[in-house]
Amino acid sequence: MAYLSVDPGVPVFGSKGASVHVQEIVRSWRNRGAEVTIYCTRSGTDVPPDLADVPVVVHPIKAATGGNRERAQVRAAESLAAQVIRDGADAVYERYSLFSDALQRVTEALRIPGFLEVNAPLIDEQRKYREIHDEEAALDCLRGQVRAASTVACVSAPVRDWVLDRTGPGARHVIVTPNGVNGHRIRPSPETAGRPVVVFVGTLKPWHGVRTLLEAQAAASRVWALKIVGDGPEGPALRALAADLELDVEFTGAVPPDDIPAALAGCAIGVAPYPALDDDAEHYFSPLKIYEYCAAGLPVVASRVGQVPGIIEHGVTGLLVDPSNAGRLAGAIDSLVAAPGTRAAMSAAARRVVLERHSWDSVLARITEGAAL
């Protein structure tokens, strides 16, 4: 099986959520007996021991900007697809990347099943947060990839709608498959004695709502420690805010996926304080951190946005609150801090739910269902 990732922003063996997604899908292919080779533009250095034997073919993209960067991505996709064709494969799985038509090239040349995984409306993201020079070329690649794929697996309903709106009747089997979790890798552990530790895991960017979480701790009526696992562009400002508010916060910085179980160990509550956005369709993500909190047996306090209410049952596996409301967030966390028995019951329920419904193996089974493999 050939796994393709042409996006230079996603190191296969990195600490990003996208890196976790790549590694877990590769593990699931191997769990079902496939021999996997990864073809990518950026390998990363945090190689988990159980994936150290996976062959990796890298076509790096040199630093460039604007149209030169886009053309470099086109050449990388062409080169990696040519290598897959030379190597041969029985199936190809690609994580959707801007300006890649690799899956289309491979499936047409080898006549094998192709699975396209779409995690975000990348063209819209590129236009909004960075810049895109040849949007029509990016759309052409998307349309070709979708036409060629046996299955297009979208991480959420808004992402599925985005794909269908841009590809029209050529799209064949387009389905929604949210993220999953590896319950063998992440397991529950006893809470650390003393003040309950509230944990956040994720990249420190505005759309993760960490500023609201800090404001919630400042407004809290109970005493709890806060642990921030991750880093990102907002890191310096958030550290400064925590210092200004004289909060008890541990900033761990970014950690590789293999260290996430240790980072969650001893914590009492996981938090996903996503902020309110102008359009609810912008909550198109599938919150990997929430699945990981649940696998670790942590009750979850999260914003009532996007897919979150479909994962967390209010009062059973956690508490849902209005987004961007530090007072409500503080109140929910305080209520769980004051109720260890409730935390224990929610811990068991959260772990049970994700193991029953959200394993990575079940995610891959839904993507490949009906395919001739």
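The values are calculated or read from the model by the stated rules, or taken from the named source; none is laboratory data. The structure presented is a predicted model; accordingly, all values stated were derived computationally and were not measured. When we count neighbours, we look across all protein chains shown, and the Cβ atoms used for this are built from the backbone with ideal geometry, even at glycine. Please note that ligands, DNA and RNA were not included when accessible areas were found on the heavy atoms of the full protein model with its side chains. Shrake-Rupley method; radii C 1.70, N 1.55, O 1.52, S 1.80 Å.
Being part of a loop (DSSP other than H, G, I, E, B), in contact with a helix residue (DSSP H, G or I) (Cβ under 9 Å, 6 or more places away or on another chain) and modelled with pLDDT under 95 is the filter; apply it to segment 224-233 and report the residue that is farthest from residue 265 (Cα to Cα). Within segment 224-233, the match that is farthest from residue 265 (Cα to Cα) is 233. Residue count for segment 275-291, restricted to those that are in contact with a strand residue (DSSP E or B) (Cβ under 6 Å, 6 or more places away or on another chain) and open to solvent by 10 Å² or more (accessible area, probe 1.4 Å): 1. Among residues of segment 323-334 that are at positive phi, those with a Cβ under 6 angstrom from a residue that is open to solvent by 50 Å² or more (accessible area, probe 1.4 Å) and of a type in the set (A, V, I, L, M), sequence gap 6+ or separate chain, pair up as 324/276.
Return the residues of segment 169-188 that are farther than 24 Å from residue 358 by Cβ and in contact with a helix residue (DSSP H, G or I) (Cβ under 8 Å, 6 or more places away or on another chain); say none if nothing qualifies.
Within segment 169-188, 170, 171, 172 qualify.
Among residues belonging to segment 242-254 that are open to solvent by 30 Å² or more (accessible area, probe 1.4 Å) and not in a strand (DSSP E or B), point out the one that is modelled with the lowest pLDDT. Result: 248. The single condition among (1) over 24 Å from residue 14 (Cα atoms); (2) free of Cβ contacts under 8 Å to residues at least 60 places away in the same chain; (3) open to solvent by 60 Å² or more (accessible area, probe 1.4 Å) that residue 372 does not meet is (2).
Does at least one position in segment 39-56 carry a residue that is surrounded by 22 or more Cβ atoms within 10 Å (Cβ to Cβ) and under 27 Å from residue 358 (Cβ atoms)? Yes, segment 39-56 contains at least one residue that is surrounded by 22 or more Cβ atoms within 10 Å (Cβ to Cβ) and under 27 Å from residue 358 (Cβ atoms). The set of residues in segment 196-222 being assigned to a loop (DSSP other than H, G, I, E, B), open to solvent by 60 Å² or more (accessible area, probe 1.4 Å) and touching a residue at least 40 places away in the same chain (Cβ under 8 Å) consists of 221, 222. Out of curiosity, is residue 141 touching a strand residue (DSSP E or B) at 6+ places or on another chain (Cβ under 9 Å) and surrounded by 15 or more Cβ atoms within 10 Å (Cβ to Cβ)? No: the conditions fail for residue 141. For segment 292-330, a residue qualifies if it is within 22 Å of residue 205 (Cβ to Cβ), open to solvent by less than 10 Å² (accessible area, probe 1.4 Å) and among the hydroxyl-bearing types (Ser, Thr, Tyr), and the qualifying residues are 293, 303. Among the residues of segment 43-71, those identified as free of Cβ contacts under 8 Å to residues at least 40 places away in the same chain and in contact with a Pro (Cβ under 7 Å, 6 or more places away or on another chain) are 43, 44.
Among the residues of segment 2-33, those identified as under 21 Å from residue 110 (Cβ atoms) and without any contact (Cβ under 8 Å) to a residue 40 or more places away in the chain are 26, 30, 33.
Checking every residue in segment 256-264 against the condition of being among the acidic types (Asp, Glu), surrounded by 19 or more Cβ atoms within 10 Å (Cβ to Cβ) and more than 30 Å from residue 123 (Cα to Cα) gives zero matches.
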